[in-house]
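Enquirer: A single structure is presented below for examination.
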Amino acid sequence: MTECSPLLILSAPADHEIDPQAWEALKQCAGDSYGAGVVLAAPAFLRAESPVLLGDWGSLKAEALRELEPLIDAAFFTLDWLEAAM
């Protein structure tokens with residue numbers, strides 16, 4: 001059996017946009033630190049709660065989530081605060 005490369009699958013929270021620079025930083029960190037790819041899935045196609053980690057992460061799943069969580073959070077934003085201020 002062959003090993004599958006690690007893959008981080010995310011879906012954007014409802015009413016959120018993607019920050020392109022933060023998204024690239026997340027992909028760079030995941031690739032450099034864990035050899036992982038990062039993909040965005042439509043919520044309708046993602047049956048599990050985001051993020052989903054697939055492939056061979058070895059014993060690094062928990063560490064990867066701790067390191068990548070702030071980058072994941074930074075990759076998505078909403079302008080609700082602006083609407084509330086108007």
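The values are calculated or read from the model by the stated rules, or taken from the named source; none is laboratory data. Computed from a prediction, not measured in an experiment: that's the story for all the values here. Cβ placement follows ideal geometry from the backbone for every residue including glycine, while neighbour counts extend to all protein chains displayed.
Enquirer: Scanning region 31-41 for residues that are more than 9 Å from the chain's Cα centre (by Cα) and among the hydrophobic types (A, V, I, L, M, F, W, C), which turns out surrounded by the fewest Cβ atoms within 10 Å (Cβ to Cβ)?
Expert: Among them, the one singled out is Ala41.
Enquirer: Name the residue, out of Ala84, Ala44, that is exposed (fewer than 15 other Cβ atoms within 10 Å of the Cβ) and either farther than 16 Å from Leu10 by Cα or of a type in the set (Lys, Arg) (or both). Write out each step before concluding.
Expert: Working: Ala44 fails: either farther than 16 Å from Leu10 by Cα or of a type in the set (Lys, Arg) (or both).
The conditions single out Ala84.
Enquirer: Moving on to the next point. How about region 33-86: which of its residues are touching a strand residue (DSSP E or B) at 6+ places or on another chain (Cβ under 8 Å), without any contact (Cβ under 8 Å) to a residue 24 or more places away in the chain and either within 16 Å of Ser5 (Cβ to Cβ) or hydroxyl-bearing (Ser, Thr, Tyr) (or both)?
Expert: If the condition is that a residue be touching a strand residue (DSSP E or B) at 6+ places or on another chain (Cβ under 8 Å), without any contact (Cβ under 8 Å) to a residue 24 or more places away in the chain and either within 16 Å of Ser5 (Cβ to Cβ) or hydroxyl-bearing (Ser, Thr, Tyr) (or both), then Lys61 is the only one that fits.
Enquirer: On the given criteria, is Asp56 more than 13 Å from the chain's Cα centre (by Cα) and at pLDDT 90 or above?
Expert: When the stated conditions are applied, Asp56 passes them.
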